[in-house]
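Enquirer: This is the structure I have questions about; it appears just below.
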Amino acid sequence: MPSTVLSAATLGIDAYPVHVEVDTDRSLPTFTVVGLPDSAVRESKERVLAALRNSGFQWPRRRVTVNLAPADRRKEGSAFDLPIALGILIASQQIRPARLSDFAFLGELSLDGTIRPIHGALSMALGLRQRDVYGLVVPADNAREAATAGRPLVYGAGTLHEAVEILEGSARLRPYELDLETVFADQTASDIDLSQVKGQAHAKRALEIAAAGNHNLSFVGTPGSGKTLLARCLPTILPDFTLDEALDTTQIHSVAGVLPPGKALVAARPFRAPHHTISSAGLIGGGTYPRPGEVSLAHHGVLFLDELPEFRKDVIEALRQPLEDRSVTIARAHLSLSYPARFMLLAAMNPCPCGYLGDERDRCHCTAAQIRRYRTRLSGPLLDRFDLHVEMPALDYADLRDGAQGESSEHVRERVNATRQLQRKRFAEETIYCNAHMGPRHLEAHCRLCRESESLLATAVERLGFSARAYDRVRKVARTIADVEQTADIAPQHLAEAIQYRSMDRTSARS
């Protein structure tokens, strides 16, 4: 008797329902899986066979055919083990399901019949919300993650026997209940605080402006000037993480397999800091069957590239498209996938190969040709995509010994939250939510300049050679500075400060 068990699969970060159809007949005993399975799905026979026998069930001495419908989409992973096993038990009449149409099943089977965690449980739960499904049975380790979707009801099964009991209606398991407020409250507090950073008041100010408007920021300074420490303070002043943002980010981490077991949500904004040896596929995403890269794992958070010129040129140049489109599209012969990549780019670099160009205490030993080669590793179009360029000089002894506590991250974060709230009201009818994402239409509506400001910007464009992109970004930063000060209009001092944050343009103009 054929049987059908509802399951799900991921395509990118989205999910779609999969019907696992199982049929047995009296032909020679074989096992066949059709419906574009990958190697992990085809290998399910050995896992399912051992799990059934070690759980006290029988493997049917018949031909077993498994069809994963729809058959024209590639299926990958081990999440079909559990529905295949249940389908075989139903088709061979070893169990009598009382609630087959009410549930969907996901899970990898170990050889002893226990159910192992899978990737993408949250995406699959969200994908099944649109269907008339009462409950979703997932591995116990994935129950918290799947329960964040709200519905269907999530049951965490630890063994094949528990899944069978749910199907037969005799289980004592109760739906997993999750308090999202507790999940957000349980996020680990950072041991880094902005008050720990000595000196560098102008860099702290730039960091606050960047966080307030979600602007891309680069630090240029000598070794030991505090670039990396200041960068790692950025997550502590970013605005509060909303539930929708947390769900979006968790989906990506779950599909990529980097969500820790038993964790329900990515409850804090991600901070990704890949090593400079990373490949283009690792940063942007890719592979034979495309996976999200670091730009997508940093969605709604920060991507920090330390020692930016040390990254391969083709790797960092590949950032240009995600920075503009805020998504990544990876095309392969058999499919094309899009992953969201709405992140804030933060970079740190030295002014020259040795790092001491312009330092009053340590003399630079680089030749002019070496400095030129070092700077040309970063193209003009890439530098244009940074809204703020900040130079950080070396700290002197007085700064290091200063015992005064600077402003804490908590206080700065309050101002950032107030500024972001102002922007959310401004763009309430739009698809954007912060100043950094403004397009030409928004610039004309919200970044109008007075006559004095227009004259100042015209002089800056002429003398510093701003590109059209840099011209727009200066106006966006000026709008954010005015928002931080809760001012409706952009004043000349706001524009002047925004121009000062284009240090790389000033350097290019001098050279």
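The values are calculated or read from the model by the stated rules, or taken from the named source; none is laboratory data. This is a predicted model, so every value here is computed, not measured. A quick note on method: Cβ atoms are made from the backbone with ideal geometry, for glycine too, and the neighbour counts reach across all protein chains shown. For the accessible areas, the whole protein counts, side chains as well, though only heavy atoms, and no ligand, DNA or RNA atoms are used. Shrake-Rupley method; radii C 1.70, N 1.55, O 1.52, S 1.80 Å.
Enquirer: Phe105 accessible area, nearest 10 Å², 1.4 Å probe?
Expert: Counting only protein heavy atoms, Phe105 exposes about 0 Å² to solvent.
Enquirer: Per the Kirkwood definition applied to all pairs of different Cα atoms, how many angstroms is the hydrodynamic radius of segment 392-503?
Expert: The Cα-based Kirkwood calculation yields 15.8 Å.
Enquirer: Of the beta bridges DSSP finds with both residues in the chain, what % are antiparallel, to the nearest 5?
Expert: Taking every DSSP beta bridge with both residues in the chain, the antiparallel ones total about 45 percent.
Enquirer: What residue among Leu388, Cys354, Thr367 has its Cα farthest toward the positive end of the dipole of segment 348-406, where the charges are +1 on Lys, Arg and -1 on Asp, Glu, each on the Cβ?
Expert: Towards the positive end, the residue furthest out is Thr367.
Enquirer: Quick check: from the Cα gyration tensor, does segment 1-54 come out rounded (a/c under 1.5), prolate or oblate?
Expert: It is prolate, given that a/c is not under 1.5 and a/b is the larger ratio.
Enquirer: Kindly express, to the nearest 10 degrees and within the range 0 to 90, the angle between helix 451-464's C-alpha long axis and the longest C-alpha principal axis of the chain.
Expert: With rounding to tens, the tilt is 90 degrees.
Enquirer: Working only with C-alpha atoms, what are the Rg and Dmax values of segment 139-235, expressed in angstrom?
Expert: When restricted to the Cα atoms of segment 139-235, Rg and Dmax are 23.2, 68 Å.
Enquirer: Follow-up. Could you please put Tyr374, Tyr471 in sequence from largest to smallest accessible area, using a 1.4 Å probe? Walk me through the intermediate numbers first.
Expert: On the way: Tyr374 10, Tyr471 80 Å².
The most accessible residue leads, giving Tyr471, Tyr374.
Enquirer: Which of the lysines could a cross-linker span from Lys75 if the Cα-Cα distance has to be under 27 Å and same-chain partners fewer than 8 positions apart are dropped?
Expert: Reachable lysines: Lys45, Lys263.
Enquirer: Taking square-rooted eigenvalues a ≥ b ≥ c of the alpha carbon gyration tensor, is the chain rounded, prolate or oblate, where a/c under 1.5 means rounded and, failing that, a/b exceeding b/c means prolate? Numbers along the way, then the final one.
Expert: Details: a/c = 2.54, a/b = 2.30, b/c = 1.11.
In terms of gyration-tensor shape, prolate.
Enquirer: Hey, if we sort Asp14, Asp38 by accessible area with the 1.4 Å probe, largest down, what's the order?
Expert: Result, largest first: Asp14, Asp38.
Enquirer: Sort 346-359, 43-56, 448-461 by packing, meaning the average of other beta carbons within 10 Å per residue, with the highest value first.
Expert: Put in order of decreasing packing, that is 346-359, 43-56, 448-461.
Enquirer: Still on this structure: Have a look at the DSSP beta bridges in segment 304-396 and tell me what percent are antiparallel, nearest 5.
Expert: Values: 5 of 8 bridges.
Counting only bridges with both partners in segment 304-396, antiparallel ones make up about 60 percent.
Enquirer: Heavy atoms only, probe 1.4 Å: what % of the accessible area of the chain goes to carbon and sulfur, would you let me know?
Expert: 48
Enquirer: Calculate how steeply helix 468-484 sits against the longest principal axis of the alpha-carbon atoms of the chain, using the helix alpha-carbon long axis, and give the answer as 0 to 90 degrees to the nearest 10.
Expert: For helix 468-484, the angle is close to 90 degrees.
Enquirer: Could I ask something else about it? Return the whole-Å distance between the Cα centroid of segment 81-148 and the Cα centroid of segment 195-268.
Expert: Centre-to-centre distance over Cα atoms comes out at 36 Å.
Enquirer: Helix-derived [θ] at 222 nm for the chain: sum -39500 (n - 2.57) over DSSP H runs of at least 4, divide by residue count, nearest 500?
Expert: -11000 deg cm²/dmol
Enquirer: Further question: When only C-alpha pairs under 8 Å and at least 6 residues apart count, what is the relative contact order of the chain, in percent?
Expert: So the answer I get is 13 percent.
Enquirer: Please give the charge dipole size of the chain, origin at the Cα centre, charges +1 on K and R Cβ atoms and -1 on D and E Cβ atoms. Round to the nearest 20 debye.
Expert: 1120
Enquirer: Here's something else I'd like to know. Post the alpha-carbon centroid distance, segment 338-364 to segment 271-298, in whole angstrom.
Expert: 20
Enquirer: Then there's this: Which of Val154, Leu49, Ala445 sits farthest toward the positive end of the charge dipole of the chain, with +1 on the Cβ of Lys and Arg and -1 on the Cβ of Asp and Glu?
Expert: Going by the charge dipole, the pick is Leu49.
Enquirer: Cut-off under 25 Å on the C-alpha distance; same-chain residues fewer than 8 positions from Lys204 excluded. Which lysines are left, in chain and number order?
Expert: Lys227, Lys476
Enquirer: With a 1.4 Å probe and all protein chains left in place, how much accessible area per residue does the chain have, in Å²?
Expert: 45
Enquirer: Based on the Cβ-Cβ distance from Thr431 to Ala71, what FRET efficiency comes out when R0 is 30 Å, to the nearest 0.05?
Expert: Rounded to the nearest 0.05, the efficiency is 0.25.
Enquirer: Hey, got the dipole for segment 339-429? About the Cα centre, +1 on K and R Cβ, -1 on D and E Cβ, debye to the nearest 20?
Expert: Computed about the Cα centre, the dipole is about 580 debye.
Enquirer: Here's another thing I want to ask about it. Given H placed 1.01 Å from N in the peptide plane, which residues other than close sequence neighbours of Thr159 have an amide H under 5 Å from its amide H?
Expert: Ile115
Enquirer: How long are the semi-axes of the equivalent ellipsoid of segment 337-426, defined as square roots of 5 times the Cα gyration tensor eigenvalues? Whole Å, largest first.
Expert: Computed over segment 337-426, the values are 32, 26, 10 Å.
Enquirer: Could you tell me the distance between the Cα centroids of segment 397-472 and segment 47-71, to the nearest Å?
Expert: Cα centroid of segment 397-472 versus Cα centroid of segment 47-71: 60 Å apart.
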